[in-house]
Structure formats: structure tokens, C-alpha cells
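Working notes, structure below.
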Amino acid sequence: MPPFNQSTAHPTVFFLTGIPGLETSQAWISIPFCCLYAIAISGNSMILFVIITESSLHEPMYYFFNFLSMLSFTDLGLCLSTLVTVLGIFWFNVREISFDACIGQMFFIHGFTFMESSVLLVMAFDRFIAICNPLRYAMILTNSRIIAVGFAIVIRGTTALVSLLLLLKRLSFCRNHVLHHSYCFYTDVMKLSCSDTKVNSAFGLTFVICYAGLDSVLILLSYVLIIRSVLCIASKEERKKAFGTCVSHLSAVAIFYIPMISLSLMHRFARNATPFVHALIANVYLFIPPVMNPIIYSVKTKQFCKAMLKVFFIKSS
């Protein structure tokens, strides 16, 4: 591992890390990683395919599936953003990544992450309208508004991120350029700089609070209003049915925010934790949402299950 003792504004390469302490078993470790990628890519591709091809899911009462397709798209993008570097380490022990390629990977990883946060917020709003004001559901959520929301999510997730990464490019690096993860993560790269990173750290924290933090608060507020509305329903069976429509989304929110918050806290407040713990949390953050979301929605959403059976079994027969 060549040391970098001189300060350089743009280092030639960074060195990614696989699973610390298990370097001799990388070929075996690649098997579960390949399985996770296969499940995530095939599962999210299946959801996109079913929603696009099944006309019954395009009816106004099922606008929720438009947001589900956005969620699958962001999960798919998140997987593909890290596929080359993760499998490159475990298959070929290729650990080097250029500075510009690292910046590009961060753009897609963080961009898709914050877009997913926005999608989960929109899905919470969808559930709020469907439960609290069902008669106006089709009037409030129209095709044109859903398209506008999609563009707004993309713009919101990438605009401020460009400024964040441009600030990172202004830093100088004079330490060993060894990252803790098998992909480029903003805080991980920033910690290697020998420049003053107070502005970067403050801007990054503000970025997280204004995006993921604000989204999580609004999601919580949506469910407070949903719960208040559901408790006003007289029938116990109707209350159970109303809560049942939210289970999938609540599960998706939990498996997205818990690993993301854990990884951010790990980098800021647990820097002395063992490298293995860093790698474990980073891989949970990377794989759990894209792997679990297709499973959750395929199992828990009756309309999607029926559409999936219709597409893959009835048409084939």
C-alpha cells in the first residue's frame, strides 16, 4: 500500500476496503454478495416490469403503484452504482478507484439515496390521502401531478448534491487514501483530507437534515394524522384494514432510515469502532433496502400479487 505523504488537491486513486480481517476468504464472501445483488436487481426489475405491463395497475385508484415503481427505480440505481466496485474487490481484488470515479460514484449513491427518501415521503402522503380523504384521491393525484412529482424528486435529490461534491473537490489529501468501505461514501472520503473540513462537515450535516431529516419528520407527521383518522373509524375490521395498507410502507421506511442513520452516526461519533463494524453497517445500508423492498411489497400488497400472477403465469399459460 503506497503511502501519500505529500498534500495533493486531487489524489490519483483511493483504495477501497472489502471485509477487514477476511481478505483471504474474499472468493467465498463474494457468493452472498452476488446473491444479494441478484435478488435486488431481479426483484426491483420485476416490480418495474409488472407495473409497466399490467394495465390494471394504471387505474386512478392504484396511483400508489406509480410511486412504488419510483422506489424500485431508486433501489435499482443504488445497486448498480456500487456493483462494479463491490464485486471488483471480491472477485479480482481491484481496490483502486480514481478520484473522479469516486466523486461520480458518490453522486449516484447519495443521489439515489436522497431520491428514495423523497419517494418514501410521497408514498406517505399517498397513504394519508387514501385513508383520510379517499373520495378525493383520484382528484388530488393525477397523472400530470405524479409526473411533476417525479421530476421534482430527481431535481431535489441532485441539485444540492452537486454543490456538496464540488466542495469536496476543493479539499487537499495528504494521508493514506484508504477508505473504510467497498464504495465511496462522502463522510469517509472527507475524513481523509488534511484541509479544514468544517465547511464540508457543516454543509453535509445541513444537507442530511434538510433532506432525510425533514422527510422523516414529515413521514412521522403523516402517520400521526393517519392514526388519528383511523382511530375515528367505528368498525374494528375497517381499522385493521386501514392499518394493513400502511404496513408495507412503514417497513420500507424502517429498513431505509435505520441503516442510513446508523452509518452516519458511526462516521461522526464512533470513529474508533473496529473496521469490521464499519464494513457491516455500510453493507447493511447498501443492501437491505433494495433487497427487502421487493419482497415486502410482493408479499404484503394483494393488488400487486394478483397483477404479478397475471403477468407471469396466466399470460405464459
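Just so you know, all these numbers are worked out from the coordinates, no wet-lab data involved. Note that the structure is a prediction, hence the values are computed from the model and not measured. Positions of Cβ are backbone-derived with ideal geometry, glycine not excepted, and every protein chain shown enters the neighbour counts.
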Treating only Lys and Arg (+1) and Asp and Glu (-1) as charged, each at its beta carbon, one finds that region 169-317 has a dipole about its Cα centre, in Debye to the nearest 20, of 340 debye
Highest GNM mean-square fluctuation among Met115, Met292, Met61, for the chain with Cα springs under 10 Å, belongs to Met61
Rh_Kirkwood(region 91-248) over Cα pairs, Å, one decimal, evaluates to 18.5 Å
For 121-129, 194-202, ranked highest to lowest by mean beta-carbon neighbours within 10 Å, the order is 121-129, 194-202
For Lys300, the lysines lying under 17 Å Cα to Cα, once residues fewer than eight places off in the same chain are dropped, come out as Lys240, Lys241, Lys310
Taking the square root of 5λ for each eigenvalue of the C-alpha gyration tensor of region 243-299, the equivalent ellipsoid has semi-axes, largest first and in whole angstrom, of 27, 12, 6
Given unit charges at Cβ for Lys, Arg (+) and Asp, Glu (-), the dipole magnitude of the chain about its Cα centre in debye, nearest 20, is 680 debye
Straight-line reach check, Lys236, cutoff 19 Å on alpha carbons, 8 or more apart in-chain or any other chain, hits among aspartates and glutamates -> none
For region 198-272, the convex hull over Cα atoms projects on average to an area in nm² of 6.1 nm²
Within the set Ser30, Ser235, Ser42, GNM on the chain using Cα springs under 10 Å gives the largest fluctuation to Ser235
Taking the chain and a Cβ-Cβ threshold of 4.7 Å, the cysteines left without a partner are Cys34, Cys35, Cys79, Cys132, Cys210, Cys232, Cys246, Cys305
Quick P(r) readout (the chain; Cα-Cα; 10 Å bins; whole %) gives 5, 24, 31, 22, 12, 4, 1, 0
Across Ser69, Ser117, Ser163, the residue with the highest GNM fluctuation in the chain (Cα network, 10 Å cutoff) is Ser163
The FRET efficiency for Asn176 and Phe312, from their Cβ-Cβ distance with R0 = 45 Å and rounded to 0.05, is 0.35
Per the helix-only model, the chain has a calculated mean residue ellipticity at 222 nm (DSSP H runs of ≥4, -39500 (n - 2.57) each, divided over all residues, rounded to the nearest 500) of -24000 deg cm²/dmol
Taking alpha-carbon centroids only, region 130-184 lies from region 30-105 a number of Å equal to 16 Å
Sorted on mean Cβ neighbours within 10 Å (highest first), peptides 137-150, 214-227 come out as 214-227, 137-150
Quick numbers on region 1-120, Rg and Dmax over C-alpha atoms in Å, give 18.6, 62
Using alpha-carbon positions, the gyration tensor of region 203-247 gives root eigenvalues a ≥ b ≥ c; with a/c under 1.5 called rounded, otherwise prolate if a/b exceeds b/c, else oblate, the class is prolate
For the chain, the helices passing both cut-offs (Cα extent along own axis of 24 Å or more, Kyte-Doolittle mean at least -1.0, full DSSP H runs) are 26-53, 64-92, 99-132, 143-169, 214-231, 247-269, 275-300
